[in-house]
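Comments concern the structure below.
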Amino acid sequence: MRIPPRSTQVIAVGLLGGATLLTVAVLVFIIVFVLDKGLPVVTWSFLTSDPEDMGRAGGIFPIIIGTLLLPLLSLAIALPLGVGTAVYLCEYTRETRMTRVIRFGTDCLAGIPSIIFGLFGLVFFVGMLHMGWSLLSGGLTLAIMILPTIIRTSEEALRAVPQAYREVSCSMGATRWETVRKVVLPNALPGIVTGVMLGAGRCISETAAVIFTAGTVASMPTSAFDSVRTMAVHFYILAREGISNENAYGTAAVLILAVLLLNLTAYWMMHAFIRRRAR
Amino acid sequence: MNSLVKIAARGFSVFFSGNLALRSITLEIHRNAILGIIGPSGSGKTSFLRAINRLNDLHPDSHIEGVLQLDGEDIYHPRFDPVALRKRVGMVFALPIPLPLSIYENVVYGPRLGGHPPPRAELDELVEHSLRAAFLWDEVKDRLHTSGLRLSGGQQQRLCLARVLAMQAEVILLDEPCSGLDPISTAKIEEALTALKSQHTIVLVTNNTKQAARVADKTAFFLMGELVEHGPTRQIFTVPNDKRTNDYVTGRFG
Amino acid sequence: MRLSGDKVAQCVFLAIAFSAIASLLLIAIFILKEGLPFILRYGPWNFLSSADWRPQEGAFGIAPMIVASLWITAGAMLIGAPLGVAGAVFLSEFVPRPVMRVIKPTIELLAGIPSVVYGFIGVMVLAPLIRNHLGGPGLSVLAAAVILGIMVLPTIISISVDAIGAVPNSFREGALALGATRWQAVHMVVLKAARSGIIASIILAMGRAVGETMAVIMVAGNTIRLPHSALEPVRTLTANIAIEMSAATGMHRQALFATGVVLFVVIMILNSLAMTVLHRKVGR
């Protein structure tokens, strides 16, 4: 029996639509589920007090601080390196074998799983450089991990700046560096900030690499050599050791909201950026 | 060295990625005069213009042969600084390109380059002077700190001219500056150029032969990368030496 | 004077531009430095094929972990690839542009969910479901495959949508002009044209699945044995490293690094494959 093409189309589209719906539904379900179970736990005291009894009670304040400091440190390192790389690729050279090598290296770096970063950080920063399990080791390791993201988004942002601006600046006797500093970078800023948000989001979500390098100490860090615990790590420990499902959900809720907020801001900035360009 | 000559080209050729864009141009451009460059699209007019301020260097694969001199100095000499050159030779592009800054910031962009920016009072004076010379001051004097992007097309182009003037460039290059503008804006710019030539050397590339006839003291006709003929504007337009020139200015082809 | 200042800037940026390569080399060197000697001493064949992992007695065979990673990744692809590609096709071809422009970023947003959260949901929701309806302890190959399949969906959808979007409209219009229905135009013309991008997305997703650690630790059961059914608990290569690293010393530690080397090599191969597939299309 030959099915007429029209009917095949209806069936096919139905299946495809169903698949899409399923995908979106599952992903939404996860967020709703966690928020539903976790938000009731998130009270002001939960956010501002220290964990007690290994996390069975109390709050997650020092952990929030740890979660803020770690991406801050990583970005402080990854941002100059990443933007600098993008500036070189976009402004100072044309496509040569060298740029292909640099891009290849960046793509490879992007594909390395976080556990390998954890192993590397452990043996290099924690061990060989004697930094121990610390904010520093974690920050440096995560910096390398988000470097490809920063490079990619920065390069895109730089390329979006109209070539005409560079020509005008050059024709007035600006050196390349002056053109980059005064015209290109300020215009690429929103795109670069998007990369920062995405990179920060990755740092916050990361668990394996953080445990291996920043440790799991859940108290307030007083120096860069102190170990810290991030929300993702805390959540993992609570959940896996069966310490407190309730607090686990609470931590997860805060974690998800933070990540969603970062990503939403990144997308909103990207759209504002594109809209401005189109004018 | 003839003190009348500001820019001199001798056997000057330009190649892009191995293709010949300009063939052996020999031409003298006199100071304090307007040279109009006419010719159909693709004849190398823009390439020649961009060679004068070495903007062709931005092209990833270009090289030149021959000599191009400014005040007797070879500007393509390895030790000649292109950045310094561009402070003496300014350019107005075909599409008005204000930088995404305020009007004030646009005009002072050039003078602020180079690590020793002049003091604020001097800059203010420079801004007024340049905007007046570009016939734009009266229209924008109350909104110097609004964005340059908000001006009309004609105003933006005059802003670009003011930008070049603020650099106190000796030479002003204009690449079809009025191509997108209405007749009134065009007239304002032509008026400005005529007033400016007493202090500057002006090279004006234009697709509009009538504009060259109105404004240029001397005219050069480029065709397919070659300089066919050049001379006083009146002569080029009435009794040219070359048949091709005659065909072009009478509109037989374009 | 000015010239040299700009030259300095150029050199500085060139040096910075090598930071990514330098990091990559550092990582490769140190992982190999810790793991390669062990592999050579123990014998690669033994390491990879022995099902005996008893560190206390000096037995370091990772075959059970390799098989576990293989099964779970395959399962994840079986679930994620069809769903992902279907979703991508639907979003690109059968949904109005403004709607797509809302849904695609939403899916990518959801990709930001940390893997530990996925794992936890797997433990709390999926595992009991499996245990009650299909048997076994719940924490199993199946659970991990499903969770990983969901986790790679945003990757597959995102890249596939881009690939499909890159197919020139003239292809679609040509097919429609010949009397094809929308669906026929899609599966006979557009999908073929976007094939390399879609395949690349699946290979990249495979790499992500193989490298995933936290979610599988929580959901796969962590028993070291060769699985005979999808309902059995297993331990993957990544989970093995993560779980045993804290207490490992000496040869045991080196064996874990050696596992890292294996992972590194496998994922590098997968990623290079994906990149070649992508670039072959561009070169055409």
| Counting just the residues of region C:210-241 that are at pLDDT below 90 and among the charged types (D, E, K, R), which one comes out nearest to residue C:255 (Cα to Cα)? | C:225
| field | Conditions (1) over 25 Å from residue A:25 (Cβ atoms); (2) assigned to a helix (DSSP H, G or I); (3) of a type in the set (A, V, I, L, M): number failed by residue C:156 | value | (1)
| Any idea how many residues of region B:199-254 are among the hydrophobic types (A, V, I, L, M, F, W, C), closer than 16 Å to residue B:35 by Cα and outside any helix (DSSP H, G or I)? | 10
| query | Does any residue of region B:135-146 turn out to be within 14 Å of chain A (Cβ to nearest Cβ), of a type in the set (S, T, N, Q) and either part of a helix (DSSP H, G or I) or in contact (Cβ under 8 Å) with a residue 12 or more places away in the chain (or both)? | reply | no
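Kindly indicate which of A:42, A:87 is of a type outside the set (S, T, N, Q), more than 10 Å from chain C (Cβ to nearest Cβ) and under 24 Å from the mean Cα position of the chain (by Cα).
Numbers: A:87 fails: more than 10 Å from chain C (Cβ to nearest Cβ).
Selected residue: A:42, the only one of A:42, A:87 that is of a type outside the set (S, T, N, Q), more than 10 Å from chain C (Cβ to nearest Cβ) and under 24 Å from the mean Cα position of the chain (by Cα).
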| said: Among the numbered criteria (1) within 14 Å of chain A (Cβ to nearest Cβ); (2) without any contact (Cβ under 8 Å) to a residue 12 or more places away in the chain, which one does residue C:116 miss? | reply: (2)
| field | Number of positions in region A:48-74 that are in contact with a Gly (Cβ under 6 Å, 6 or more places away or on another chain) and surrounded by 13 or more Cβ atoms within 10 Å (Cβ to Cβ) | value | 6
| request: Out of C:111, C:59, C:51, report the one residue that is more than 29 Å from residue A:17 (Cβ to Cβ), touching a Pro at 6+ places or on another chain (Cβ under 9 Å), modelled with pLDDT under 85 and not basic (Lys, Arg). | output: C:51
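Looking at B:75, B:37, which one is closer than 24 Å to residue B:244 by Cβ, at pLDDT 90 or above and in contact with a Leu (Cβ under 8 Å, 6 or more places away or on another chain)?
On the way: B:75 fails: closer than 24 Å to residue B:244 by Cβ.
None of the others qualify; the one that does is B:37.
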| message | Just the residues that are touching a Lys or Arg at 6+ places or on another chain (Cβ under 6 Å) and of a type in the set (D, E, K, R), please, taken from region B:7-56. | response | B:31
| remark: Picked from region C:202-220 (must be more than 10 Å from the chain's Cα centre (by Cα), more than 8 Å from every other protein chain (Cβ to nearest Cβ) and within 20 Å of residue C:266 (Cα to Cα)), the residue surrounded by the most Cβ atoms within 10 Å (Cβ to Cβ) is C:216
| field | Failed criterion for residue C:106 (all others in (1) more than 8 Å from chain A (Cβ to nearest Cβ); (2) over 23 Å from residue C:222 (Cα atoms); (3) of a type in the set (Ser, Thr, Tyr) hold) | value | (1)
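Look at region C:50-75 and say how many of its residues are over 23 Å from the mean Cα position of the chain (by Cα) and without any contact (Cβ under 8 Å) to a residue 24 or more places away in the chain. Break it down stepwise before answering.
Narrowing region C:50-75 to residues over 23 Å from the mean Cα position of the chain (by Cα): C:50-61.
Keeping just the survivors that are without any contact (Cβ under 8 Å) to a residue 24 or more places away in the chain gives C:50, C:52, C:54, C:56-57, C:59, C:61.
Residues flagged as over 23 Å from the mean Cα position of the chain (by Cα) and without any contact (Cβ under 8 Å) to a residue 24 or more places away in the chain within region C:50-75 amount to 7.
Quickly run through region A:156-173 and pick out the residues that are crowded, with 21+ Cβ neighbours inside 10 Å, within 11 Å of another protein chain (Cβ to nearest Cβ) and touching a helix residue (DSSP H, G or I) at 6+ places or on another chain (Cβ under 7 Å). Steps first, answer last, please.
As a first pass, look at region A:156-173 and keep what is crowded, with 21+ Cβ neighbours inside 10 Å: A:157-158, A:161, A:168-173.
Going one step further and asking which of them are within 11 Å of another protein chain (Cβ to nearest Cβ), we end up with A:161, A:168-173.
Passing the criteria: A:161, A:169, A:170, A:171, A:172, A:173.
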| In region B:75-86, which residues are at the interface with another protein chain (Cβ under 9 Å from one of its Cβ atoms) and either touching a strand residue (DSSP E or B) at 6+ places or on another chain (Cβ under 8 Å) or crowded, with 22+ Cβ neighbours inside 10 Å (or both)? | B:85, B:86
| message | Tell me whether region C:246-260 contains one or more residues that are closer than 16 Å to residue C:76 by Cα, β-branched (Val, Ile, Thr), out of contact with any Phe, Trp or Tyr (no Cβ under 8 Å at 6 or more places or on another chain) and at pLDDT 90 or above. | response | no
| query | Mind checking whether some residue in region A:257-277 is in a loop (DSSP other than H, G, I, E, B) and of a type outside the set (Val, Ile, Thr)? | reply | no
| message | Can you list residue pairs whose Cβ atoms sit under 8 Å apart, with the first residue in region A:45-56 being closer than 15 Å to residue A:229 by Cα and assigned by TED's automatic domain parsing to the domain that holds residue A:68 and the second being modelled with pLDDT under 80 and among the β-branched types (Val, Ile, Thr)? Count only pairs 6 or more apart in sequence or on different chains. | response | A:54/A:243; A:55/A:243
| note | In region C:214-237, anything in contact with a Pro (Cβ under 7 Å, 6 or more places away or on another chain), not in a strand (DSSP E or B) and not charged (D, E, K, R) is listed as C:220, C:222, C:223, C:224, C:226, C:233
| Is it the case that region C:242-253 has a residue that's part of a helix (DSSP H, G or I) and within 19 Å of residue C:122 (Cα to Cα)? | yes
| Within region B:27-69, considering residues that are over 18 Å from the mean Cα position of the chain (by Cα) and β-branched (Val, Ile, Thr), the one surrounded by the fewest Cβ atoms within 10 Å (Cβ to Cβ) | B:67
| said: On the basis of being more than 8 Å from chain C (Cβ to nearest Cβ) and surrounded by 21 or more Cβ atoms within 10 Å (Cβ to Cβ), does residue A:14 make the cut? | reply: no
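Answer yes or no as to whether residue A:120 is surrounded by 24 or more Cβ atoms within 10 Å (Cβ to Cβ) and more than 11 Å from chain B (Cβ to nearest Cβ). Walk me through it before giving the result.
Working: surrounded by 24 or more Cβ atoms within 10 Å (Cβ to Cβ): yes; more than 11 Å from chain B (Cβ to nearest Cβ): yes.
Against the criterion (surrounded by 24 or more Cβ atoms within 10 Å (Cβ to Cβ) and more than 11 Å from chain B (Cβ to nearest Cβ)), residue A:120 qualifies.
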| If you go through region A:211-222 one residue at a time, how many are away from chain C (no Cβ under 12 Å) and touching a residue at least 12 places away in the same chain (Cβ under 8 Å)? | 6
| task | For region A:203-210, indicate whether the set of residues that are free of Cβ contacts under 8 Å to residues at least 12 places away in the same chain, within 22 Å of residue A:77 (Cβ to Cβ) and either touching a strand residue (DSSP E or B) at 6+ places or on another chain (Cβ under 7 Å) or of a type in the set (D, E, K, R) (or both) is non-empty. | result | no
| said: Show me the helices (runs of 4 or more DSSP H) entirely contained within region A:172-250 in which 2 or more residues are among the aromatic types (Phe, Trp, Tyr) and assigned by TED's automatic domain parsing to the domain that holds residue A:50. | reply: A:231-240
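Can you say whether residue A:134 is among the hydroxyl-bearing types (Ser, Thr, Tyr), within 22 Å of the chain's Cα centre (by Cα) and within 12 Å of chain C (Cβ to nearest Cβ), as far as the supplied structure shows?
Numbers: among the hydroxyl-bearing types (Ser, Thr, Tyr): yes; within 22 Å of the chain's Cα centre (by Cα): yes; within 12 Å of chain C (Cβ to nearest Cβ): no.
No.
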| query | Between a first residue in region C:178-199 that is under 12 Å from residue C:93 (Cα atoms) and a second residue that is at pLDDT 85 or above and outside any helix (DSSP H, G or I), which pairs have beta carbons less than 7 Å apart while being 6 or more apart in sequence or on different chains? | reply | C:190/C:167
| query | Taking region C:132-149 as the region of interest, how many residues are surrounded by fewer than 18 Cβ atoms within 10 Å (Cβ to Cβ) and farther than 15 Å from residue C:223 by Cβ? | reply | 4
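The values are calculated or read from the model by the stated rules, or taken from the named source; none is laboratory data. From a predicted model like this one, the values you see are computed outputs, not experimental measurements. Counting neighbours? That spans all protein chains shown, and the Cβs are built from the backbone with ideal geometry, glycine included.
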